[in-house]
Amino acid sequence: MRSPAAIAVFAAVAGVSLAADLWSKHAVFGVLLGGSGVRQRSEAVLRDYGPNVPPDDVLRALRLQRPVFTGLRLTLSTNPGVVFGLPMPPWAVAVATVLTIGLVCYFFAMSGSSGHWLHVALAMVLSGAVGNFYDRMIAHVVVPGVARPITGQVRDFLDFSEVRVLGLNYPYIFNVADVFLVVGVGMLMVYWWFLARCDHKSRLKKQVR
């Protein structure tokens, strides 16, 4: 915390990552929901299934998609749960997010000034957690033709379900914040594995002496 350079790296990576996540959600949802005929299609869904259909079910029924390149589509979806769509009470999500933010700040404060790999990893975890928490607490999705907005859910749009490796595919839709979380956690695992190896080598040297 006494190193301006370390603070600058941490803050810059966290800020840019968070901005990229929130901007991408806003841009993709804005473009696809603003397409021609979306209002008419959502009104047709309400006529077929009744006016009390939850707005997130209407969004799924619309299947708003746009191909980007082979294997990647932008598919609008919202997730009321956590990873893999697992259900979790809102209060538990809030507690888990606050704990994550607290742990990230603690590890950063206790780290060395030259540990830029660790600082970048922590910043990516922080931005991913805050980005999805923002969606649950503040963001809302307005589907044209639907009176109630979608609230308390995370906006997802990255769809790689068409990609198959050895006959398997990843069917879940995710967002940029999820990418930062996974990459950040992966970097932390590599960092701690490297520390464990260094500690093991140090103990061996002491035993030899």
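The values are calculated or read from the model by the stated rules, or taken from the named source; none is laboratory data. Only a predicted model underlies this, so the values are computations on that prediction, with no experimental measurement involved. Here Cβ is always computed from backbone atoms with ideal geometry, including for glycine, and neighbour counts include all displayed protein chains.
Do we have TYR191 as under 21 Å from VAL16 (Cβ atoms), surrounded by fewer than 20 Cβ atoms within 10 Å (Cβ to Cβ) and in contact with a Gly (Cβ under 9 Å, 6 or more places away or on another chain) here?
In short, yes.
Could you list all residues from the stretch 122-174 that are buried (at least 23 other Cβ atoms within 10 Å of the Cβ) and among the basic types (Lys, Arg)?
ARG155
Residues that are outside any helix (DSSP H, G or I), of a type outside the set (Ser, Thr, Tyr) and closer than 27 Å to VAL13 by Cα: does the stretch 57-71 have at least one?
yes
With the requirement that a residue be under 21 Å from GLY131 (Cβ atoms) and either touching a strand residue (DSSP E or B) at 6+ places or on another chain (Cβ under 8 Å) or not in a helix (DSSP H, G or I) (or both), what does the stretch 1-30 give you?
SER24, LYS25, VAL28, PHE29
Name every residue in the stretch 149-176 that is under 19 Å from LEU32 (Cβ atoms) and not in a strand (DSSP E or B), in order of residue number.
Within the stretch 149-176, PRO149, GLN153, PHE160, SER161, GLU162, TYR172, ASN175, VAL176 meet the criteria.
Select, from GLY50, GLY15, GLY30, the only residue that is modelled with pLDDT under 95 and surrounded by fewer than 17 Cβ atoms within 10 Å (Cβ to Cβ).
GLY50
Given LEU64, LEU76, which one is crowded, with 17+ Cβ neighbours inside 10 Å and in contact (Cβ under 8 Å) with a residue 40 or more places away in the chain?
Criteria check complete, one pass: LEU76.
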